[in-house]
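**Q** Below are the structure tokens for one structure; questions will follow.
The values are calculated or read from the model by the stated rules, or taken from the named source; none is laboratory data. Not measured: the values here are computed from a predicted model. Heads up, the Cβs are rebuilt from the backbone with ideal geometry, glycines too, and the neighbour counts pull from every protein chain shown. Just the protein is used for accessible areas: all its heavy atoms, side chains included, with ligands, DNA and RNA removed. Shrake-Rupley method; radii C 1.70, N 1.55, O 1.52, S 1.80 Å.
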There are 2 protein chains.
Amino acid sequence: MAARREAGEGDPTLIWERPEPPSRPAPSPLSRERIVRAAIELADADGLEAVSLRKVAAALDAGPMRLYGYLSTKEELLDLMADAVYSEIPPPVRAGDDWRGALRSLAHGTRDAALRHEWFADLLSGRPHLGPNALARGEASLAALDGAPGFEHIDTIMLAVNTVNVYVIGALQRQIADLRAARTTGMDEREWQHASYPYLARMLATGRYPTLARFVRDASHADADSTFEAGLDCVLDGIAARLPRP
Amino acid sequence: MAARREAGEGDPTLIWERPEPPSRPAPSPLSRERIVRAAIELADADGLEAVSLRKVAAALDAGPMRLYGYLSTKEELLDLMADAVYSEIPPPVRAGDDWRGALRSLAHGTRDAALRHEWFADLLSGRPHLGPNALARGEASLAALDGAPGFEHIDTIMLAVNTVNVYVIGALQRQIADLRAARTTGMDEREWQHASYPYLARMLATGRYPTLARFVRDASHADADSTFEAGLDCVLDGIAARLPRP
DNA sequence: TATCACACCGATACACTGTATCGCAGTGAT
DNA sequence: ATCACTGCGATACAGTGTATCGGTGTGATA
């Protein structure tokens, strides 16, 4: 092991605090940020499984081992990538007492950033995101509701922010899974949803799923955006219902 | 390629329809089900990244290549594993008009099954789950609300089921990420949440996240179960708010 | 019963992964 | 001018998913 993995051996979250190696002028035009940027480019283009230390290094004209001066593990790179996504989420806007607007802008900001980087969904189940940008987003979320009318109790705010976040995460997960499925079959999302999707059609034709079949036939299949919006409204209504009578 | 990958070459969802190879009596005491069971045991014990075709095959006293008679890809194995989790979800009970109870039991059943198999969360972003058991769960969910008072319109049912599902998925994702983080630090979940977690404490001490710090200090950090319950109630309230006046 | 044809198992191989090791070159100090 | 050292990256290793294909055991046929 020697001195390769320097500080914070046991605790993987310590990337956020460990200083970068001083970027020596000539021989090392590398930085954690450049590495992360290269990795994100790869992931955006070809998915997370295309991100290998070798490829990232190659994109930076370096040998794979070079990266270990800036990262001590591939997991760290993934953490940094996730945090970079958080940095793209704009702070929620709160106009006066419009807490719904605040939560809504938070939700949309998160969703937009995540849809720009589909691989983000794959990093959600890994470990909690605690990088500086993720924390900043947390800070901004809470601050956006802090002091809004009806949100006097701290636990009310927690519940609201948590529920919205959880909804957004779940919705993302699902939409991205669908997007990928659609892409591998070559259809666009709309076509796919309309269930000319042959396997599903055959499965439904077995008669084992009568209700499902009826719904696939009769429901007005909205696009992903409006479905997201409808669910979000639903969640916001639920939050509103638990506020003290104004 | 020859005859190894037989039917449904292009479409990866076709596992569900492709028949198993006829289990020849003596030399082949293997079956898709045994393979999946072995893989699930590995994943339950050591996480999804411990599931390699070699290890699964070894657990069954077979060479790695043997599995390719039953699967054409590791992805298929993962799909089968995911569907096995769905088979553990009990059909939602609906007592009379109690649609809340139906959705609640659906949510809990899903959550319980997923917490029994933490790796399930990692499979959510992969591709949509369309195995027979997943479809059966879909069927049961819709059927549970079908005809309940207030749910006359098909889109109302869709919205309700979708929103609950999405909430459950998101909540799972998050709790499992937390569980893992807690485990790698050796603490139990409760301890971890109570933020003696040293990195977080240091980060909050920087003063860059004042609201967050206050919340971590003052909020009553409920355990995962009650948080889930509270959020679920919130979502159910939101659904209730959108029903036609009774 | 002896032979043949065929099916299939799994050893071998390949390209790829993350990462440990360590020789060597290049730098700064003496 | 010499030395000590630092840190880069070639090499190596154990592991992955999967393609290939030789050998073997089986069932059918003569």
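**Q** What are the semi-axes of the equivalent ellipsoid for the range A:22-107, taken as the square roots of 5 times the Cα gyration tensor eigenvalues, largest first, in whole Å?
**A** Values: eigenvalues 233, 44, 19 Å².
With the √(5λ) rule applied to the range A:22-107, the semi-axes are 34, 15, 10 Å.
**Q** Okay, moving on. Given label points at 7 Å from Cα along Cα→Cβ, what nm distances, shortest first, separate B:E20 from the same residue in every other copy?
**A** When each copy's label point is compared with this one, the spacings are 5.5 nm.
**Q** Can you work out D for the range A:95-241 in µm² s⁻¹ from Stokes-Einstein, where Rh is the Kirkwood radius over C-alpha pairs, the temperature is 10 °C and the viscosity is 1.306 mPa s?
**A** Using the Kirkwood radius from Cα pairs, D works out to 91 µm²/s.
**Q** At a 1.4 Å probe, what is the % contribution of carbon and sulfur to the accessible area of chain A?
**A** In chain A, the share of accessible area belonging to carbon and sulfur is 55 percent.
**Q** Give me a comma-separated list of calculated 3J(HN,Hα) values for the range A:173-178, in order, Karplus coefficients 6.51, -1.76, 1.60 applied at θ = phi - 60°, integers in Hz, x for any Gly or Pro.
**A** Going residue by residue, I get 3, 5, 5, 5, 4, 5 Hz, with x marking Gly and Pro.
**Q** Using the heavy atoms of the protein chains and a 1.4 angstrom probe, tell me the accessible area per residue for chain A in square angstrom.
**A** Ligands and nucleic acids excluded, the figure is 46 Å² per residue.
**Q** Something else: Counting protein heavy atoms only and a 1.4 angstrom probe, how many square angstrom of accessible surface do chains A and B bury in total, to the nearest 100?
**A** Values: alone 14250 and 14270 Å², together 22670 Å².
Summing both sides, the interface buries roughly 5800 Å².
**Q** Once phi is turned into ³J(HN,Hα) by the Karplus curve 6.51 cos²θ - 1.76 cosθ + 1.60 with θ = phi - 60°, what whole-Hz value does each residue of the range B:126-142 show in order, with x for glycine and proline?
**A** Those phi angles translate into x, 8, x, 8, 10, x, x, 6, 5, 5, 4, 5, x, 4, 5, 4, 5 Hz.
**Q** If you don't mind, another one. Give me the orientation-averaged projected area of the Cα convex hull of the range A:106-190, in nm², one decimal. Spell out each step's value before the answer.
**A** Numbers: hull surface 26.3 nm².
Here the figure is 6.6 nm², rounded to one decimal.
**Q** Any idea what the A:T73 label distances to the other copies are, label 7 Å down the Cα→Cβ vector, nm, shortest first?
**A** Label-point separations across copies, in nm and ascending: 2.9.
**Q** Which of these, A:I154, A:I40, A:I176, has the largest mean-square fluctuation under a Gaussian network model of chain A (Cα springs below 10 Å)?
**A** Its mean-square fluctuation being the largest, the pick is A:I154.
**Q** For the protein assembly as shown, what does the equivalent ellipsoid look like in terms of its semi-axes, each the square root of 5 times an eigenvalue of the Cα gyration tensor, given largest first in whole Å? Before the final figure, lay out each step's value.
**A** On the way: eigenvalues 251, 229, 83 Å².
After diagonalising the Cα gyration tensor, the semi-axes are 35, 34, 20 Å.
**Q** Right, another one. Please compute the Cα-Cα pair-distance distribution of chain A with 5 Å bins starting at 0, giving whole percents from short to long.
**A** The calculated distribution, bin by bin, is 1, 5, 11, 13, 14, 13, 11, 10, 9, 6, 4, 1, 1, 0.
**Q** What 222 nm value per residue comes from the helices of the protein assembly as shown, counting each DSSP H run with n ≥ 4 as -39,500 (n - 2.57) and dividing by all residues, nearest 500 deg cm²/dmol?
**A** Details: 18 runs with 270 residues, N = 492.
My calculation for the protein assembly as shown gives -18000 deg cm²/dmol from helical runs alone.
**Q** Right, next: At a 1.4 Å probe, which residues in the range A:124-144 are at least 30 Å² less accessible with all protein chains present than in their chain isolated?
**A** A:S125, A:P128, A:L130, A:P132, A:L135, A:E139, A:L142
**Q** For the pair B:A50 and B:D155, how long in nm is the line joining their label points, each one 7 Å along Cα→Cβ?
**A** Those two pseudo-labels are separated by 4.8 nm.
**Q** Can you give me the Kirkwood hydrodynamic radius for the range B:30-167, using every pair of distinct Cα atoms, in Å to one decimal? Please list the in-between numbers first.
**A** Values: mean 1/r = 0.0615 Å⁻¹.
The Cα-based Kirkwood calculation yields 16.3 Å.
**Q** Label position 7 Å from Cα toward Cβ: report the copy-to-copy distances for B:P132 in nm, one decimal, ordered from shortest.
**A** Label-point distances to the other copies, shortest first: 5.4 nm.
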